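Have a look at the structure below before the remarks.
Here, each number is a calculation from the coordinates, and none is a lab measurement. If you're wondering where the values come from, they're calculated on a predicted model, not measured in any experiment. Because the Cβ atoms are built from the backbone with ideal geometry, glycine has one as well, and the counts that use them run over all protein chains shown.
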Amino acid sequence: MKKSDLPAKRCPVCQRPFSWRKKWKTAWKDVKYCSERCRRGRGRAKENEPDRQ
């Protein structure tokens with residue numbers, strides 16, 4: 001399977017897209033952050049700002 005065929009989400013902290021990973025197989029619906037660093041920095045989340053592109 002190609003990476004472009006995998007589901008993706010946008011991280012609320014860094015606003016970057018991230019793709020499904022095998023380790024998230026059972027918890028994909030609960031995954032919100034692209035990395036541990038973003039999860040720890042979630043207080044800096046820019047959820048109220050428009051998405052950057």
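Observations on the structure shown:
- Pairs meeting the criteria (first residue in the stretch 23-43 and free of Cβ contacts under 8 Å to residues at least 40 places away in the same chain and more than 14 Å from residue 7 (Cβ to Cβ), second residue of a type in the set (A, V, I, L, M) and surrounded by 13 or more Cβ atoms within 10 Å (Cβ to Cβ), beta carbons under 7 Å, at least 6 apart or on different chains) are 33/13; 38/13; 41/13; 42/13.
- Restricting attention to the stretch 22-36, the residues that are under 11 Å from the mean Cα position of the chain (by Cα) and either surrounded by 14 or more Cβ atoms within 10 Å (Cβ to Cβ) or in a loop (DSSP other than H, G, I, E, B) (or both) total 5.
- Members of the stretch 1-20 that are farther than 16 Å from residue 37 by Cβ and among the polar types (S, T, N, Q): 4, 19
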